[in-house]
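What follows is one structure encoded as structure tokens, with my remarks underneath.
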Amino acid sequence: MLSYGFMQLALAAAVLVGLTAPTVGIYLVQRRLSLVGDGLGHVALLGVAVGLATRTAPVLTALLATVAGALVLELLRSRRSAGTDVALAIMFYGGIAGGVVVVARAPAGTPANLDSYLFGALTTTTRADLVVFAVMALVVLGVTLGLSRSLFTVALDEEYAAASGLPVLRLNLLLAVVTAGTVTLSMRVLGLLLISGLMVLPAGCAQLVARSARASLAIAVLVGVTVAITGTVVSFYADTPSGATIVLVTIAAFALLAGARSLVRASRRWREPARGAPTAQDVDGPVRLGTSALG
């Protein structure tokens, strides 16, 4: 497989996305915003369509549209107004509908194939794409890892973070921007319709086994890189779409961890008789980390 140049580039791009997406997703999961990546993917489609119609760089126009959408999303969320959900639905579905209309009305001769952006086209990654991916990944990782303690504090309890003197709104806006960058980075690898899979599911895997914020972040990154490489290899030999294969491998990893966790807990309950009320660690399902877990 590695004798093919395009597969070398594809694997490198998959590793960058597998490394980057979970570092953003871990905060989104903690804030119960798991589907934000999917919604921003709809907005990014409008940016791609504008780029194709105007014959400019679709990645750049998608990045601009996604950043704008992410900022609007965070500002609406921070206000907690009654019409926020409807406004977000308009923005998300208006993005994908507007993208389809823009491409349909584009001048003759305009490339109108959105499949590579909707579902990913990992094997078409070029060296220029890889350089762009690497730069964007460094920026995202610099924010998500460099400010991890502050971001976790805000994600876990905004009121506590504000009382501690953290600039909550600015941190949330910064996270929104890097989320937009991650969506744009991932669209050529996974596709705009599958981006949330690699952002959210590794974070879900981490919540099944981690007992601290740092451990959760480390495990999410490890899972993300592992499933990205595994999915790319499987897609090559099975001749299946790379983006969809990576997401299916991620789901399989989550299912295996969840099953193993259930078996371990069942074994413990069988060995030890009940000793009163269950503790927090005995409750099934992902446990939200408290502010004391930031260490």
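Every test in (1) out of contact with any helix residue (DSSP H, G or I) (no Cβ under 6 Å at 6 or more places or on another chain); (2) at pLDDT 75 or above; (3) of a type outside the set (A, V, I, L, M, F, W, C) is passed by Arg80 save one, and that test is (2).
From the set of residues in the stretch 240-269 that are free of Cβ contacts under 8 Å to residues at least 40 places away in the same chain and charged (D, E, K, R), which is surrounded by the most Cβ atoms within 10 Å (Cβ to Cβ)?
If we filter the stretch 240-269 for residues that are free of Cβ contacts under 8 Å to residues at least 40 places away in the same chain, which is where we start, we get 240, 245, 248-249, 252, 255-256, 259-260, 262-269.
Imposing the further condition that a residue be charged (D, E, K, R) reduces the set to 265, 268-269.
Values: Arg265: 14, Arg268: 11, Arg269: 12.
That would be Arg265.
Evaluated against (1) under 16 Å from the mean Cα position of the chain (by Cα); (2) surrounded by fewer than 17 Cβ atoms within 10 Å (Cβ to Cβ); (3) modelled with pLDDT under 85; (4) not aromatic (Phe, Trp, Tyr), Ala218 falls short on exactly one condition, (3).
Of all residues in the stretch 43-64, none satisfies being surrounded by fewer than 20 Cβ atoms within 10 Å (Cβ to Cβ), without any contact (Cβ under 8 Å) to a residue 40 or more places away in the chain and at positive phi. Scanning the stretch 193-202 for residues that are under 18 Å from Leu46 (Cα atoms) and in a helix (DSSP H, G or I) returns Ile195, Ser196. Among the conditions (1) buried (at least 24 other Cβ atoms within 10 Å of the Cβ); (2) without any contact (Cβ under 8 Å) to a residue 40 or more places away in the chain, the only one that Val200 does not satisfy is (2).
The values are calculated or read from the model by the stated rules, or taken from the named source; none is laboratory data. The model shown is predicted, which means the values in this text are computed figures rather than measured ones. All Cβ positions, glycine included, derive from the backbone under ideal geometry; neighbour counts span all protein chains shown.
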